[in-house]
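**Q** The structure follows.
Every number here is computed from the coordinates shown, using simple stated rules; none is lab data. None of these values were measured; they are calculated from a predicted model. Cβ placement follows ideal geometry from the backbone for every residue including glycine, while neighbour counts extend to all protein chains displayed.
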């Protein structure tokens, strides 16, 4: 069985999306700045059905993550924000399990992506994603609320953060709603590149209250 991995771009002040995120602004106002580093990479362009792009250590980091990917779990808000920008051939190329309160038939897209809508909660979505992924990893795509739920429940194995040196000063903050507790992660890799620092973290085995 693979692991559960969240890969997220984040501002220095802890935001993973800018203010007013939604269908009109999928990444929030100014949120595109958090992802600018990835647009020119070879692996990202391949995921979008494009050719060319830059190689190097950061591209290799992204490529290794995509090779491990077997299924995706995401929240309803992220799906609503991203459905139109992702288009007819989304970049996931794998089954996507959307945690939602709104029942809906599965939606098949080009390139191997199928959206499945799970109304029984995040734990059931994770079960279905693990079954679909087999020996590969489950990617926890977000949003922030769902990542927080996975951290509180102890379901997250690895967190890959792309920290961009900007202050978003508003939006969706990643590490909120975790309660009064002390959570210590194990830093396993740091890769610095122009405009962004990539930090790989292993989830704690225990979570202690303060």
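**Q** Can you give me the orientation-averaged projected area of the convex hull built on the Cα atoms of the stretch 95-210, in nm²?
**A** With every direction weighted equally, the projected area is 9.7 nm².
**Q** Let me ask another. For the chain, what does the helix formula give at 222 nm: sum of -39500 (n - 2.57) over DSSP H segments with n ≥ 4, over the residue count, nearest 500 deg cm²/dmol?
**A** Result for the chain, helices only: -7000 deg cm²/dmol.
**Q** Cα centroid distance between the stretch 1-66 and the stretch 125-149, in Å?
**A** 17 Å
**Q** Still on this structure, I have one more. Looking at the chain only, what percent of DSSP beta bridges run antiparallel? Nearest 5 please.
**A** Here the share of antiparallel DSSP bridges comes out near 45 percent.
**Q** Listing 79, 175 from the residue with the fewest other Cβ atoms within 10 Å to the one with the most, what is the order?
**A** 175, 79
**Q** Mind sorting 202, 172, 130 by how few other Cβ atoms lie within 10 Å of their own Cβ, fewest first?
**A** On the way: 202 15, 172 23, 130 20.
Arranged by neighbour count, lowest to highest, 202, 172, 130 become 202, 130, 172.
**Q** Sticking with this structure for a sec: Ordered by packing density, taken as the mean number of other Cβ atoms within 10 Å over each peptide's residues, highest first, how do 101-113, 34-46 rank? Intermediate values should be presented prior to the final figure.
**A** On the way: 101-113: 11.8, 34-46: 17.4.
Per-residue Cβ counts within 10 Å, averaged per peptide and sorted highest first, yield 34-46, 101-113.
**Q** Compute the Cα gyration tensor for the chain, then decide on rounded, prolate or oblate, letting a ≥ b ≥ c be the square roots of its eigenvalues: rounded whenever a/c is under 1.5, prolate when a/b is larger than b/c in the other cases, and oblate in all that remain.
**A** Because its axes are fairly even, with a/c under 1.5, the chain counts as rounded.
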